[in-house]
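Read through the structure below, which is laid out as structure tokens, and then see the notes.
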């Protein structure tokens, strides 16, 4: 069981009400973490907490827009008020833009993806690092959802690919700056975990050669299990990057 001293260790999962975020929240709670899920839709969060709490898991919700600085401050203040500390931040919140060629992407769609995927991770990381440095015992871990788009984009996905590449830079910068303060930061690159964002993949999605093909997917619980492994390591040990993907998806090879 995850513990800090005599209390349960506390984890925050952004975008934790559905999909991969919910799978991560469940896995951490099953491993003994006190989990806080956050997101913009109160009804989704309440449903997730009702389900997991009904299974005897220690999960609570705090509604927040993690792309908004004021909302993020309120979120972290509430976590400190409720639990006194934070041990793990999972930056999972994210959206995609309509799958159109780069030159057709609207400025509004670009900004929305950058805010949700990148700015949110930066803001939450800032607050987590400040808290990790000041709490006793000090330190903590951050795990960023990078996606395999952090290395290899799909066609017609410029905003998503750009933000996920940037997450890799944020992960490495946080790891570098945090290591002298007992702060570890790593990244999990996920390939085709079944969720709302990937529901069309199993029926057919555009490939690099212009064809449409169905792709294999995986149960998001496997992502949760990987996060539990990363989160359970001592702070002197870090998984900087890990890829969890559907083995049969057309990722490794020439497109």
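Values quoted throughout were computed directly from the atomic coordinates according to the rules given, and no laboratory measurement underlies them. In this text the structure is predicted, and so the values were computed from the model without any measurement. Please note: Cβ atoms are built from the backbone with ideal geometry, for glycine as well, and neighbour counts cover all protein chains shown.
Taking the average, over residues, of other Cβ atoms within 10 Å as the packing measure, peptides 132-142, 110-120 rank 110-120, 132-142 from highest down. With respect to the chain, whose longest principal axis is taken over its alpha-carbon atoms, helix 42-54 is tilted by about 60°.
Over region 137-255, Cα pairs under 8 Å with separation of 6+ residues give a relative contact order of 30 percent.
Extending 7 Å from Cα along the Cβ direction at residue 173 and again at residue 7 yields two label points whose distance is 3.1 nm. The peptide list 166-177, 143-154, put in order of mean Cβ contacts within 10 Å with the highest first, becomes 143-154, 166-177.
Where the centroid of each part is defined by its Cα atoms, how far is region 231-245 from region 94-124 in Å? Using only Cα atoms, the two centres lie 27 Å from each other.
Largest mean-square fluctuation among 216, 108, 158, in a Gaussian network model of the chain whose springs join Cα atoms under 10 Å apart, belongs to 108. Once the convex hull of all Cα atoms in region 58-172 is built, its volume per residue stands at 110 Å³.
The angle between the Cα long axis of helix 221-231 and the main principal axis of the chain comes to about 50°, on a 0 to 90 degree scale.
Counting only DSSP beta bridges with both residues in the chain, the antiparallel share comes to about 10 percent.
Helix 19-30 versus the longest principal axis of the chain: what angle, 0 to 90°, nearest 10, using Cα atoms? On a 0 to 90 degree scale, this one is about 30.
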